[in-house]
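Comments concern the structure below.
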Amino acid sequence: MDIKVNVRQLNGQRDISVVDLNGEIDVYTSPKVKETITDLIDQGHYTLVINLEKVRYIDSTGLGVLIGGLKRVREHSGTVNLVCTNPQIKKIFDITGLVKIFGIYDSQKSACENL
C-alpha cells in the first residue's frame with residue numbers, strides 16, 4: 001500500500017502547516033511521512049496539523065514518526081495537533097496513551113483553533 005502526502009500552508013494569526021495523509025502509514029510508507037515532517041521542521045515550520053482523516057491504518061513505525069516529529073517541534077516551542085476521525089486509529093492512540101501527548105481533534109478547524 002502507498003501513502004499520499006500533501007502539505008498546505010494556512011495563514012492566519014499563526015502560520016500553520018497542514019500535512020494531509022491518505023493511505024496506510026506502516027514500515028514501508030513511514031519514511032515518506034518522516035521526510036515530509038522533517039523537511040517542514042528544517043524549513044522553520046513548527047506549528048503542524050497532521051490530518052489523518054484518510055488514513056486507514058497506522059502501525060508502531062508510523063506512531064514513532066509522529067512522536068519524533070512532535071519531539072523536534074517542541075525543541076522550537078512548537079506543537080503538533082492531529083485530525084483523526086477513524087475510530088480504529090483513535091483507539092490505537094488511546095491504548096498507547098498518546099492521547100495525552102497529542103492534541104487529537106475531529107476537524108481541521110478545531111485542530112487549528114487549539115494550537
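A few remarks follow.
- Options I89, I95, I104; residue that is over 19 Å from Q9 (Cα atoms) and in contact with a Phe, Trp or Tyr (Cβ under 7 Å, 6 or more places away or on another chain): I104
- Scanning the range 24-45 for residues that are surrounded by fewer than 19 Cβ atoms within 10 Å (Cβ to Cβ), out of contact with any Lys or Arg (no Cβ under 6 Å at 6 or more places or on another chain) and either of a type outside the set (A, V, I, L, M) or not in a loop (DSSP other than H, G, I, E, B) (or both) yields a total of 11.
- Filter result (buried (at least 23 other Cβ atoms within 10 Å of the Cβ) and either over 14 Å from T36 (Cβ atoms) or polar (S, T, N, Q) (or both)) within the range 52-67: I58
- Test: K90 is in a helix (DSSP H, G or I), at negative phi and exposed (fewer than 13 other Cβ atoms within 10 Å of the Cβ): no
- For the range 56-77, the criterion of being hydrophobic (A, V, I, L, M, F, W, C), within 14 Å of the chain's Cα centre (by Cα) and assigned to a loop (DSSP other than H, G, I, E, B) is satisfied by no residue at all.
All of the numbers you see were taken from the coordinates with simple rules; none came from a lab. Because the structure is predicted, anything quoted here is derived from the model rather than measured. Backbone-built Cβ (ideal geometry, glycine too); neighbour counts: all protein chains shown.
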